[in-house]
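The values are calculated or read from the model by the stated rules, or taken from the named source; none is laboratory data. Given the structure is predicted, the values throughout are model-derived calculations rather than measurements. Cβ atoms come from the backbone with ideal geometry, glycine included; neighbour counts cover every protein chain shown.
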Amino acid sequence: MESRRLTELIKKYSHMIFRVAFSYIGDHADAEDIMQDVFVKLYRCEKAFESEEHIKAWLLKVTINQCKSSLKLRKKIAYEPIEAAEHIPSPEKIEENTLLPVVMELSPKLRSVLYLHYYEDYSVKELSHILGISESAVTTRLMRARRHLKKLLEKEENYEL
């Protein structure tokens, strides 16, 4: 891919890729690493893309796959430095009307589906294609994510449903 086109795509999609990676991984530095890896793969990719939507879908699929690989690697390493947990707010410090800390408590599968559906406006059918799962699985994950999010919010005293 030519560098000018790559630069355009980085400017256009870097925030989206970072947000998806962060919603899946939950760590700022790891999300940045994943974002960089995704753009390196795009640079090396010799695939001819049909449209801008095709590029966006490809980037999302590669981002999610990178996140899954990163999570597998984390499980194999099985340690986390204590400094990594300093940025995670305690339940007492969650600000009113701030959903992100609560959403980050969901599993990566539920977080990613919720984020892609509500923040990136992907339909169930599009998510099915991007994630490589059936539409009913996407619907089930959305339902579970909403249910878990509701339970988490009900535990918080600052939220009124």
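How about region 17-47: which of its residues are in contact (Cβ under 8 Å) with a residue 24 or more places away in the chain, more than 27 Å from E2 (Cβ to Cβ) and surrounded by fewer than 15 Cβ atoms within 10 Å (Cβ to Cβ)?
If the condition is that a residue be in contact (Cβ under 8 Å) with a residue 24 or more places away in the chain, more than 27 Å from E2 (Cβ to Cβ) and surrounded by fewer than 15 Cβ atoms within 10 Å (Cβ to Cβ), then H28 is the only one that fits.
I'd like the residue in region 69-128 that is among the β-branched types (V, I, T) and at pLDDT below 55 and, out of all such residues, is farthest from V38 (Cα to Cα).
I94
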